[in-house]
Each structure stands twice: as C-alpha cells, then as structure tokens.
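Everything on this sheet refers to the single structure shown next.
The values are calculated or read from the model by the stated rules, or taken from the named source; none is laboratory data. Computed from a prediction, not measured in an experiment: that's the story for all the values here. With ideal geometry, Cβ positions are generated from the backbone for all residues, glycine too; neighbour counts draw on all protein chains shown. Protein only, heavy atoms only, side chains kept; ligands, DNA and RNA dropped before computing areas. Shrake-Rupley method; radii C 1.70, N 1.55, O 1.52, S 1.80 Å.
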Amino acid sequence: MSSEHAEHTLKVTKIRSGTVIDHIPAGRALEVLNVLGLTGREGLRIAVIMNVESRKLGRKDIVKIEGKKLKPEEVNMIALVAPTATINIIDDFNVVQKFRAEVPDIVEGVVRCPNPTCITNKSREPIKTRFVVIKRSPLVLQCCYCGTLIQGDEVAKLVIKHHS
Amino acid sequence: MHNPFLGKDVISILDFDRKALEILFEYTDRARRYLNTKLRVLEGKVVALAFFEPSTRTRLSFEVAAKRLGADVIGFTGEEAISVAKGENLADTIRMLNSYANLIVLRHRFEGAAKFAAEIADVPVVNAGDGKQHHPTQAMIDLYTVRTLFETIDGLTYAVVGDLRYGRAATSFIYGLTLFKPRKIYLISPPLLRARPEVLETLRMKGIPFEERSGIEDVISEIDVLYVTRIQKERFPDPMEYEKVKGSYRITVDLLRNAKPELKILHPLPRVDEIDFRVDETKHAAYFIQASYGVPVRMALLTLILGGEL
Ligand SMILES: [Zn+2]
C-alpha cells in the first residue's frame, strides 16, 4: 500500500461530532493529548494519526476526538507543543468552527520550571507553576517565581506529564 | 503624598519605579537623623524576621531598623529555622507568622520563595534574599549610596564585577539601575559566572547600554561606580579554574592607578579578599559608608510600608 493510499484510508475515518486537531508537527500527537489531560481512560473514542504526509508541514500528526467539542480555552495549551495546530469542531460530519491554538498570556500549572532551586520545585508546597509569555514567535516563557526563561523546543520537553 | 509602598510586598526592585525610590530616599535622609533615637513610629507593630538561610548583616540591620522605629521583633535564623519548621513546609510557616506579625521579612535559598510567601500572607512580605534571584533592599541601599555620593544615579558609567550568575546582590543592583538612565553598565565576570539570560533580556528590553567583559583593566579609566562582589570557589566545578581567575577580579591600589579620581567602590559586604585592605584608605572606598546606610534605608522602607511618618 502506498503511503498516499495509507493517508487516504486514515483520513476517511470521519467523526460525527467532536474535535479534529490537525497540522500537529510530526511526532507530537501524544504530547498534544498529554497537554489536554487525555489519557484514554476517559472512555472517549480517540484516533491518533502520526507521521502522515502534509503539504504544509512535510509530515504531520492528527488527533480526532469523538463526542467532545473542545473550547478555545481548553485547546490553547496545545500551542505549547504544537504551535502550527489547527482545531476543527465537527457537528454532524461538518466543520462548524475552525480556529488555531494560541498560547495564553499566562500559562499556569502546565509547564515545569527547569530551575531546580525554583520554589515551584520545592517538595510539599501548595504551589502551581506560572509562566508569562515574553515572546510568541519564537515562543519564550518566563517563570513568574524565579525569572528563568524557557524557549522553543525546551517548552515542549517541560510540559508536565499527566499520571494515573 | 502618595505612598507607593503602603501595604505593599517588596519582592523585586523591579516592582518599583524611580519615583517610588525617590520617596524612599527622602525618607532615608530623614531616618538618618534618628539613628541614635528610639522612635514610636511603629509602636504596637510586630515585625517577623524569618531567615531560613544564615545571615548576620541583613538580619541585624532589619532588627535594628525595626527596633529603632519602636516595633517588636520576632523570628528565627539559620539552624533555628530547621527546628522551627520541623519538616513543616514554607507555606505553613508563613501562615503562622502571618497570624503573629504585621510584616514578614523573609530570606530563603529557593528562588521565588518570597513571592510565594506573599501570595499566602495577608501582611506585607519583604524579600531579604531569595536564592540567587533578588535582594531588593540591598539594591535600595546601593542606589541610595550612589545618589548620595554623586547626587545622581543617571549618566554614570558602572562596572559590576564578580559572580553575576549566582550573586543576588549584583543581579538586584543591575535590575535597580534599569529604573534609571546609566550611561553604560560593564558586566565583568569570568565566562562561567556571566549574568543570567533573563537579566540580559531585561537590560535589552529597557534599552540600557551594556557590555559583557572578562577583565577590568581595559575599562577602569571610564568607570564612575565599581560594584564588586565575591567569587566563590564552590561555583567552579574545577578548582583549577577558580585558581586561574580569582586574581583577575581583585581590586588593588595598583589597578586603581588608572581610575578617575571620583571613582567610588561599592561592595554589599561581607568581603573576603576581593578588595585589598589597602584600598580601604583611598578616597575610592565607599563600601563602609554604603553599609552604614543599611539601617536608615530599612527604617524608611518599614515606615512607608506600615504607613508611619518620619
Ligand atoms: Zn522557576
């Protein structure tokens, strides 16, 4: 089966109602799910399509979530790991809404601070990490507590992994 | 007068502007008249000194300032802090102090500790040093010293020398200068101890002319204010590296031969051997005057935060 054919068969799995996250940089789909806090144990039907051809990106990932229409504020954090991602809201097999993920001005509780002596890394303190966006392209975040700057690919590596 | 400090936390020198600092400096001028008096400005107030890291100078200076103003002082320091906390987290210790005191002064080895404490406490929190990040009251003292010596902070050429990576006094002084209009700041350190990226980014964003260098000799003749900090051996993974660089950042009478007559040397103290003792007798040495401003600057700050009058 040619890869073009493979892409075709993967793409035809249309969903009736829910969310399609397209144009994810290749290999980042699982990180997108992680940012959304989706583990697969929620019972939602989720299709993860990785490394398919894309005219815009060369290769890309796609995530399809059946039965859940994500709101812009829920999907914005996706931009931390997949700045190129586009979000399509599907209703009755039609795209009813289309938007891009945009990093909010303040990123709270999603990214870990790489500075080991940052107060957010002290054990047993009731504290959530908080970063302020300094630049958007390329993405630069600054820790509100210790001032450390993180940028680009480093941000994706610091996204807090969801457990359980 | 609008009091920009009233009820405020003091986490970073960058939380304030030059207008606010001008008010603080005027109050400091006034506080200097009362260094041998017991005032009743903060009578009935309790100031908590929570020093999770050992400190002598900063803690004593806060304690004297609070007591001169008539406040009661409670607190702990260093080893004592460990037994106070007994495995308790910072958040719970701050909640306890919040219920006892009208103001909390905090020193802690984690960056961001003071900001976190301020989010928990209802009473104002003053950062007396959080890890390598901020030491805003030291910066206030340093800026006040420059203003007193030169009658201005603007238009001067500064060199900040030593450990710019881990030194919170140096970092805070650099941040403090960004609130003014220095002609230029030289950042002089061994390559391993260069100022952190966020500090350089702040200088760029505020449009402050600066240059990073490894040696002092070439620029000594241009400098008005030489801010010296200690380079600690422990910062070097290889002790040989330390031995190689340590001499190059020592201030000696010989080095000062090419300096402007009006050059002044500042140091947050304590010093070890980064300034030769023979420099003390020259007209360049300003670090003892600077140290003497520790109490009046902190008196002024505590008064303003707690809404007193001087
Ligand atoms: Zn941090």
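A few notes on this one:
- Taking residues in the range A:117-130 that are more than 7 Å from chain B (Cβ to nearest Cβ) and free of Cβ contacts under 8 Å to residues at least 24 places away in the same chain, and partners anywhere that are open to solvent by 40 Å² or more (accessible area, probe 1.4 Å) and near the ligand (Cβ under 10 Å from one of its atoms), the pairs with Cβ atoms closer than 8 Å and at least 6 places apart or on different chains are A:121/A:112.
- Residues of the range A:131-153 satisfying the condition of being of a type in the set (Gly, Ala, Ser) and within 10 Å of another protein chain (Cβ to nearest Cβ): A:147
- The residue that is modelled with the lowest pLDDT, among those in the range A:63-115 that are charged (D, E, K, R) and either in contact with a Pro (Cβ under 7 Å, 6 or more places away or on another chain) or within 17 Å of residue A:151 (Cα to Cα) (or both), is A:102.
- Subset of the range B:142-195 (residues that are in contact with a Gly (Cβ under 8 Å, 6 or more places away or on another chain), buried (at least 19 other Cβ atoms within 10 Å of the Cβ) and of a type outside the set (Ser, Thr, Tyr)): B:142, B:143, B:168, B:170, B:182, B:188, B:193
- Residues of the range B:260-284 that turn out to be open to solvent by 20 Å² or more (accessible area, probe 1.4 Å) and touching a helix residue (DSSP H, G or I) at 6+ places or on another chain (Cβ under 6 Å), as a count: 3
- Lone qualifier among A:114, A:72 - being within 14 Å of another protein chain (Cβ to nearest Cβ) and open to solvent by 10 Å² or more (accessible area, probe 1.4 Å): A:114
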